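The values are calculated or read from the model by the stated rules, or taken from the named source; none is laboratory data. All of these numbers come straight from a predicted model, not from anything done at the bench. Here the Cβ is made from the backbone with ideal geometry for all residues, glycine too, and neighbour counts use every protein chain on show. When the accessible area is computed, the model is the full protein with side chains, heavy atoms only, and any ligands, DNA or RNA have been set aside. Shrake-Rupley method; radii C 1.70, N 1.55, O 1.52, S 1.80 Å.
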Amino acid sequence: MTPSFTDSLLWRYATKAFDPSKAISEQELDSQLEALRLSPSSFGLQPWTFIVVKNPALRARIREVAWGQSQVTDASHLIVLCARRTIDAAYVKAFVDFIASERAMPRAKLEEYESMMTGFIASHSPEANAEWMKRQVYIALGILLASCAEAHIDATPMEGFDPAKVDEILGLGEKNLASVVLCPIGYRSADDGYAALKKVRFPKGQMILEM
């Protein structure tokens, strides 16, 4: 019997120890990356880039600035979810051009939509826009965690790292990107005692209000 989505969420946990001998297949990896690509974002602007760090030396350096956490190097793959550092009218224009091309529609029909997006960006400071883009990345992270759970692939969201040093290691500044969260994915180690622990969440009545 195929487990329900809720069953998959009960199965998942923030894996503390990965089995370095177990690798995710390219097909499975592509499926998770496609889930990331299809993630929703405000206006559909997708102000992000997702980096799959395959180079073992880079992963070892990232581990050094991530409190030495073994997940960074032991998981099958390490994904660094990044936000754009800046966003402007040129980015919005390119996005609108792409929509018109993909949907084979007159660009003029999208002018009001374009104006709304550029107006939103212009009405906020660069710092506020940067924070807004980071929040978009967490939407994508949620999609990735849910997609991995459904495929019974372990995933661990990690904020315990030095973003400035990860940015330096990966040369993100020159790409107009900033690291937001790390997410190693792979398969849990049989020695990870956390896997057997009961999932603890406050009861529905305490966390969900109806008004």
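Computed values, structure above
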item: The lone exception for Pro40 - which of (1) part of a loop (DSSP other than H, G, I, E, B); (2) surrounded by 17 or more Cβ atoms within 10 Å (Cβ to Cβ) it fails; result: (2)
item: Residue match in region 146-166 (condition: open to solvent by 50 Å² or more (accessible area, probe 1.4 Å), touching a Leu at 6+ places or on another chain (Cβ under 8 Å), in a helix (DSSP H, G or I) and at pLDDT 95 or above); result: no
item: Qualifying positions in region 128-184 - of a type in the set (Asp, Glu) and in contact (Cβ under 8 Å) with a residue 12 or more places away in the chain; result: Glu150, Asp154, Glu159, Asp162, Asp167
item: Positions within region 190-211 being among the basic types (Lys, Arg), open to solvent by 100 Å² or more (accessible area, probe 1.4 Å) and within 30 Å of Ser21 (Cα to Cα), in sequence order; result: Lys198
item: Residue satisfying all of: in region 55-70; of a type in the set (A, V, I, L, M) and not in a helix (DSSP H, G or I); most open to solvent (accessible area, probe 1.4 Å) among these; result: Val65
item: Region 71-94: number of residues that are in a helix (DSSP H, G or I), under 18 Å from Ala60 (Cα atoms) and out of contact with any helix residue (DSSP H, G or I) (no Cβ under 7 Å at 6 or more places or on another chain); result: 2
item: Candidate set from region 154-211 (those that are of a type in the set (Gly, Ala, Ser) and under 16 Å from the mean Cα position of the chain (by Cα)); member that is farthest from Ile87 (Cα to Cα); result: Gly186
item: Qualifying residue in region 26-35 (condition: open to solvent by 30 Å² or more (accessible area, probe 1.4 Å), under 15 Å from Val80 (Cβ atoms) and either in contact (Cβ under 8 Å) with a residue 40 or more places away in the chain or part of a helix (DSSP H, G or I) (or both)); result: yes
item: Conditions (1) in contact with an Asp or Glu (Cβ under 7 Å, 6 or more places away or on another chain); (2) open to solvent by 20 Å² or more (accessible area, probe 1.4 Å); number of the one not met by Thr15; result: (2)
item: Test: residue in region 100-112 that is within 25 Å of Leu144 (Cβ to Cβ), among the basic types (Lys, Arg) and either open to solvent by 50 Å² or more (accessible area, probe 1.4 Å) or modelled with pLDDT under 95 (or both); result: no
item: Failed condition for Leu10, given (1) touching a residue at least 40 places away in the same chain (Cβ under 8 Å); (2) farther than 30 Å from Ala128 by Cβ; (3) buried (at least 17 other Cβ atoms within 10 Å of the Cβ); result: (3)
